[in-house]
Amino acid sequence: MIVIGVIRKVLGLMLAGSLVRHGMLTDPDHLSFGAGFFGVAALLSLLGLAMLVCLIVANFVKRSDLLEHFNTAEPVGLQLSGVMTFFFEPWYFQYHLNKINAMKQAARFGAPRPY
């Protein structure tokens with residue numbers, strides 16, 4: 001999420017620099033935000049939407065990789081919900097990874113399973 005915030009800040013600074021360079025923010029005639037400004041805003045909105053779609057796709061690719069690994073190479077019977085992945089991905093994955101780690105620690109040291 002931090003990377004997306006940085007990218008949005010950089011794009012915002014690039015937009016502001018472009019508007020100043022073309023006189024849109026310094027010339028009183030351009031302060032009405034003409035069609036050029038809305039074209040740039042629409043382009044940035046589409047870019048933001050594309051970034052969001054890429055983030056969602058990456059989350060589901062990560063889910064697929066986790067399911068494949070923890071059900072074949074290290075069979076622990078991992079099951080991940082698609083709905084929970086969509087809405088709560090970072091916390092949901094971290095919960096399951098912590099649970100898997102606790103099970104491995106318990107198996108390694110012979111302690112009772114905490115979950």
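Against the list (1) part of a helix (DSSP H, G or I); (2) at pLDDT 90 or above, the condition GLY77 fails is (1).
The listed residues are LEU52, LEU11, LEU43, and the only one of them that is among the hydrophobic types (A, V, I, L, M, F, W, C), assigned to a helix (DSSP H, G or I) and at pLDDT 90 or above turns out to be LEU52. The number of residues in the range 38-69 being closer than 16 Å to PHE86 by Cα, polar (S, T, N, Q) and loosely packed, with under 13 Cβ neighbours inside 10 Å comes to 1.
So, of the residues in the range 70-88 that are polar (S, T, N, Q) and under 17 Å from ASN101 (Cα atoms), which turns out to be surrounded by the most Cβ atoms within 10 Å (Cβ to Cβ)?
Just the residues of the range 70-88 that are polar (S, T, N, Q), to begin with: 71-72, 79, 81, 85.
Adding the requirement that they be under 17 Å from ASN101 (Cα atoms) leaves 71-72, 79.
Values: ASN71: 13, THR72: 8, GLN79: 8.
Selected residue: ASN71.
Cβ-Cβ distances below 6 Å connect the following pairs, each with a first residue in the range 87-112 that is under 16 Å from GLY77 (Cβ atoms), a second residue that is among the hydrophobic types (A, V, I, L, M, F, W, C) and modelled with pLDDT of 90 or more, and a separation of six or more residues or different chains: ILE100/VAL76.
The values are calculated or read from the model by the stated rules, or taken from the named source; none is laboratory data. Just so it is clear, the structure is predicted and the values come from calculations on it, not from any experiment. Heads up, the Cβs are rebuilt from the backbone with ideal geometry, glycines too, and the neighbour counts pull from every protein chain shown.
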